[in-house]
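K.L.:
Below is one structure. I have some questions about it.
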Amino acid sequence: MVAHRAVPRETLFSWTSHGPWMLHEWLAAVVAWAAHRAGGWWGVGALQAILYAGALSSRGSRARLASPSGPRPLPSGYALVPLALAAVVLRETVSPRAQWFTNLLLALSLATLLPRAAVDEEPPWRRDALWWVIPLGLLWTQLHGGAPHLVVVTGAVFVARPSPRTLLAAIASVALTMAGPYGWRVHEHFLSARPLLPELREWWPLSRALAARWPPAYVALGLAALAVVSLVARARAGRRVRAEALVFAVFAVMAARHLRFVAELCVVSSAVAAAGLSRLRVDPKRELIAALVALTAVVVGASRDGRAWGAGWSDKFDPRVAALLRDPALTGPMFNSYNLGGWLIWEAPSRPVFIDGRAFTAYPASRVAEMVAVVRDPPRVASVVDRWGANLAVLTRAGRGDPVARALARSPEWAVVYVSPSAAVLRRRETRPAR
């Protein structure tokens, strides 16, 4: 994009898809590229840290505004507990990608818009505050096109405080989701792929993550419970919490249906819970204890994470595989596991991939369905690579991908070139023409 001064319109990097590419996160990609150009992987890590801290501090501002004694310079010690729980979950659920910008912008919209629906008198909905929604929504659409989060927040404000201005803000936020390079089509890829979404891990229902005993799912539920207690307590005290309750309910339903919205649920839950806890009586000793509990939660959550600290690729990506793919002796079209596609594009751009994590934004639903069928029935992989004429295969050996790699290795037409605990490289014994 930087080299050509344009958003790409056709699929690149793949030999199996020649249709349009909907890069609805184009600005986030440019920002990430700039961070990498400036500081390598440490630059990307610094960008992630800035966005991470910004989202947390924005939620902290929501807690400071809710203090009964007036705005506080810092969130109360009590409010640090939900913020710490959210920090632990967000670190587990989100990679450095466009989602980080959405977390920050969602936290900013909650801190800015929800207080206007929580006061007893007519909210000070000034003209400048209304117009503030427009640049926020316009920026959001370029960073993470099609995200409905601002629509949810402005819609909740309108329901809680109906007025021509709040209605106009809600309508504007809907229109702004389509103010990117792809117009209304930015929603099309999601709607057309709904039947296949549960097959991708980030689109699992929350119940499936709970059944798999994924710890962040339980932390998110605890954080949501704190938010409910906060809403009930403030409602009984005569506070206006309708807008907060509506936003919380919408994201709770979205997170229950799809795991990828757990991050947003934690953003909302932490803001709602922190706002309630900030209204507790000031007690330095108890607040200090709460702050220590929050610090302990962050330390324990980080230490239990199996990932290595530092900057660069995860250790699930084997660098030896990338070196092998630069060998000119390994020729022909390449079949690869879904989770390896993006990494292969980066490490071996001269080797077009079969599929990658862009999924429905760059591939037809039939291609994703084909990969799902292979994972469900691993022996089917041999017929798929035969039909496409792939002569090289790079497969993950982690999780559900391992049976697929083993099934292809058992085929007499394929020879194992390299195998490690995380990946396998195979080549066809006799070259066939690609489809």
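K.L.:
Which residue, ALA294, ALA217, VAL228, has the largest displacement toward the positive end of the dipole of the range 203-353 when charges sit on each Cβ (Lys, Arg +1; Asp, Glu -1)?
P.N.:
Final value for the positive-end residue is VAL228.
K.L.:
Please work out how much accessible surface PHE101 shows to a 1.4 Å probe, ignoring ligands, DNA and RNA, in Å² rounded to 10.
P.N.:
Near enough 30 Å² of accessible area.
K.L.:
Show the residues, 5+ positions off or on another chain, whose built amide H is closer than 5 Å to the amide H of TYR418.
P.N.:
VAL425
K.L.:
How big is the charge dipole of the chain about its Cα centre, in debye rounded to the nearest 20, if each Lys and Arg gets +1 on its Cβ and each Asp and Glu gets -1 on its Cβ?
P.N.:
Working: 50 positive and 26 negative charges, 95 e Å.
Magnitude of the dipole: close to 460 debye.
K.L.:
For the range 205-342, take every pair of Cα atoms, bin their distances at 5 Å starting from 0, and report each bin as a whole percent.
P.N.:
2, 8, 12, 14, 14, 13, 10, 8, 6, 5, 4, 2, 2, 1, 0
K.L.:
From Cα coordinates alone, what are the radius of gyration and Dmax values for the range 235-292 in angstrom?
P.N.:
14.2, 41
K.L.:
Specify, per residue and in Å³, the volume enclosed by the convex hull of the alpha carbon atoms belonging to the range 355-435. Spell out each step's value before the answer.
P.N.:
Values: hull volume 7.2 nm³, N = 81.
Measuring per residue, one finds 89 Å³ for the Cα hull of the range 355-435.
K.L.:
Now for a different question. Amide H to amide H, which residues 5 or more places from VAL353 or on other chains are under 5 Å from it, using H placed in the peptide plane?
P.N.:
Residues meeting the amide H criterion: SER14, TRP15.
K.L.:
In deg cm²/dmol, rounded to 500, what helix-only [θ] at 222 nm does the chain give when every DSSP H run of at least 4 residues adds -39500 (n - 2.57) and the total is split over its residues? Provide the component values of the computation, followed by the final result.
P.N.:
Numbers: 17 runs with 240 residues, N = 435.
Only helices count here, giving -18000 deg cm²/dmol.
K.L.:
I've got another one for you. Report the antiparallel proportion of the DSSP beta bridges in the chain as a percent, rounded to a multiple of 5. All intermediate terms of the calculation are to be shown ahead of the outcome.
P.N.:
On the way: 11 of 15 bridges.
So the antiparallel bridges amount to about 75 percent of the total.
K.L.:
Also, quick follow-up: Scan the chain and note any complete DSSP helix (H) whose C-alpha atoms cover at least 24 Å along its axis and whose Kyte-Doolittle average is -0.5 or more.
P.N.:
26-65, 127-143, 215-236, 284-303
K.L.:
Listed highest first by mean packing, meaning other Cβ atoms within 10 Å per residue, what order do 148-156, 163-171, 394-402 come in?
P.N.:
Details: 148-156: 23.1, 163-171: 17.1, 394-402: 19.2.
Put in order of decreasing packing, that is 148-156, 394-402, 163-171.
K.L.:
As a test of the definition: which semi-axes, in Å, follow for the range 330-381 when you take the square root of five times each eigenvalue of its alpha carbon gyration tensor? Largest first, please. Don't skip to the end; give the middle numbers.
P.N.:
On the way: eigenvalues 73, 39, 16 Å².
Each semi-axis is √(5λ); the values are 19, 14, 9 Å.
K.L.:
Cut-off 10 angstrom, C-alpha nodes, Gaussian network model of the chain. Which of PRO20, PRO284, PRO216 fluctuates the most?
P.N.:
With Cα springs under 10 Å in the chain, the top fluctuation among PRO20, PRO284, PRO216 is at PRO284.
K.L.:
Is there a quick way to get the dipole size of the range 318-388? I mean about its Cα centre, with the Cβ of Lys and Arg at +1 and of Asp and Glu at -1; what is the value in debye to the nearest 20?
P.N.:
Values: 8 positive and 7 negative charges, 18 e Å.
Charge dipole of the range 318-388: 80 debye, to the nearest 20.
K.L.:
If you don't mind, another one. Multiply the residue gap between ARG376 and ARG91 by 0.36 nm, knock off their C-alpha separation, and tell me the result in nm, one decimal place. Write down the numbers at each step before the final one.
P.N.:
Numbers: separation 285, 0.36 × 285 = 102.60 nm, distance 2.97 nm.
Gain on extension, ARG376 to ARG91, equals 99.6 nm.
K.L.:
Sticking with this structure for a sec: Going highest first, how would you order 140-147, 378-385 by mean Cβ packing within 10 Å? Could you put the intermediate results ahead of the total?
P.N.:
Details: 140-147: 23.2, 378-385: 17.6.
Averaged packing, sorted descending, gives the order 140-147, 378-385.
K.L.:
Calculate log10 I(q)/I(0) of the range 284-435 for q = 0.10, 0.17, 0.18, 0.20 Å⁻¹, where I(q) comes from the Debye formula with a single equal point scatterer on each Cα and nothing for solvent.
P.N.:
For the requested q values the scattering log ratios are -0.43, -0.96, -1.06, -1.28.
K.L.:
Taking all pairs of different Cα atoms in the range 129-171, averaging 1/r and flipping that mean, what Kirkwood radius in angstroms comes out? Spell out each step's value before the answer.
P.N.:
Working: mean 1/r = 0.0950 Å⁻¹.
Final number for the Kirkwood radius of the range 129-171 is 10.5 Å.
K.L.:
In Å², what does the accessible area per residue of the chain work out to with a 1.4 Å probe?
P.N.:
Working: 20820 Å² over 435 residues.
Averaged over the residues of the chain, the accessible area is 48 Å².
K.L.:
Another question, then. Ignoring ligands, DNA and RNA, what percent of the 1.4 Å accessible area of the range 166-271 is carbon and sulfur?
P.N.:
67
K.L.:
Using a Gaussian network model of the chain whose springs link C-alpha atoms within less than 10 Å, name the residue from PRO198, PRO352, PRO328 with the highest mean-square fluctuation.
P.N.:
PRO328
K.L.:
Choose one answer from ARG236, ARG201, ARG406: the residue with the largest mean-square fluctuation in a GNM of the chain with alpha-carbon springs under 10 Å.
P.N.:
ARG236
K.L.:
What is the log10 of I(q)/I(0) for the range 146-240, computed with the Debye formula using one identical point scatterer on each Cα and no solvent, at q = 0.12, 0.13 Å⁻¹?
P.N.:
So the normalised log intensities are -0.67, -0.77.
K.L.:
A further question on this structure: Compute the Rg/Rh shape ratio of the chain: radius of gyration over Kirkwood radius, all on alpha-carbon atoms. Show your work: numbers first, answer last.
P.N.:
Values: Rg = 24.0 Å, Rh = 23.6 Å.
Radius of gyration relative to Kirkwood radius: 1.01.
K.L.:
How are the C-alpha pair distances of the range 203-265 spread across 10 Å bins, as whole percents from the shortest bin up?
P.N.:
P(r) for the range 203-265, in whole percents per bin: 22, 48, 23, 7, 0.
K.L.:
Follow-up question, since we're still on this one. So for the chain, taking the charge dipole from beta-carbon charges (+1 Lys/Arg, -1 Asp/Glu), which of ASN391, PHE13, LEU206 sits furthest toward the positive end?
P.N.:
LEU206
The values are calculated or read from the model by the stated rules, or taken from the named source; none is laboratory data. Remember, it's a predicted structure, so these values are computed and weren't measured experimentally. Note that each Cβ is placed from the backbone with ideal geometry, even for glycine, and that neighbours are counted across all protein chains shown. These accessible areas exclude ligands, DNA and RNA; they are computed on the full protein's heavy atoms, side chains included. Shrake-Rupley method; radii C 1.70, N 1.55, O 1.52, S 1.80 Å.
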